[in-house]
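Reading through the structure tokens given below for one structure.
The values are calculated or read from the model by the stated rules, or taken from the named source; none is laboratory data. Predicted, not measured: the structure shown is a model, and the values here were computed from it. Heads up, the Cβs are rebuilt from the backbone with ideal geometry, glycines too, and the neighbour counts pull from every protein chain shown.
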Amino acid sequence: MAVWVDASLRLNPAFADTAASVFKAAVRSAGNPAAARAEINEWFSSQTGGFVKDILSNSIDDDDDGSGGGGAISASVFLANSLYFNAYWDHPFFPHLTEEGDFHVSPDHDVRVPFMAGSHQDAFMDVGCHPGFNVLRMMYRTGGAAGGDKMFAMYIYLPDDRDGLPELARKLASNPAAFLRRTIVPAQPVAVGELKIPKFEVSLKVEASRLLRELGLDLPFLPAADNSFSGMLLDPPQGQPSRPFSTSASSM
């Protein structure tokens, strides 16, 4: 965690001490908006192994455009936190086995992409077969390359038809919880033959205020008259504060 405060303001020592002792947060002074944006983006990049970049895409001295995920913000104090998941596959892929192959974008459109391969030949893995699609559960090991607990997994859904992805996505979006319960893979692993998965990157960037409020975190996002962050500062700025803004990004 890290805290940036506008260079023209003074952070309350009690808040700074709590941030440092309880949350292990570094407290920093923010200069001009462009420099502050660059420093905050660099902090996120360094904390996430370079996966989360440019979380603030515009200068932070303009008004928030409210569009979510890409707008600029106005801030006297900026609180940042990051969560970086790093684990090993239970059945790893080997870089030297990566080779190009055809990826079916649609029934009449293929593209050449690198496919990962590894120690999956005749391995026993969790596969669920359902009408119209299959689902593969790929486990992670959290104890390092030598082994460890298998607490997390990635689920890969593959439609039978080359044009079946939109329908599969529609079913998932209509009732995610019920759909995922119905498609849990069997407890008994099955032997798989050749397994190749295209290399891919998943990223998501959202304005997270609504999500946080749905989880019950209301106070920071109430109208200015109903909440107060003045305890963070010895001399809070005068005038109407800007709307609290929260942004979240994930990348894999």
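Taken together, Gly66, Gly31 contain a single residue that is modelled with pLDDT under 80 and surrounded by 12 or more Cβ atoms within 10 Å (Cβ to Cβ), which is Gly31. Could you tell me which residue of the range 107-124 is farthest from Val5 (Cα to Cα), considering only residues that are in a strand (DSSP E or B) and modelled with pLDDT under 85? Step by step, filter the range 107-124, then rank; the result is Phe124.
Give the residues of the range 2-26 that are surrounded by fewer than 16 Cβ atoms within 10 Å (Cβ to Cβ) and at negative phi, sorted by residue number. Those that are surrounded by fewer than 16 Cβ atoms within 10 Å (Cβ to Cβ) and at negative phi: Ala7, Ser8, Arg10, Pro13, Ala14, Asp17, Thr18, Ala20, Ser21, Val22, Phe23, Ala26.
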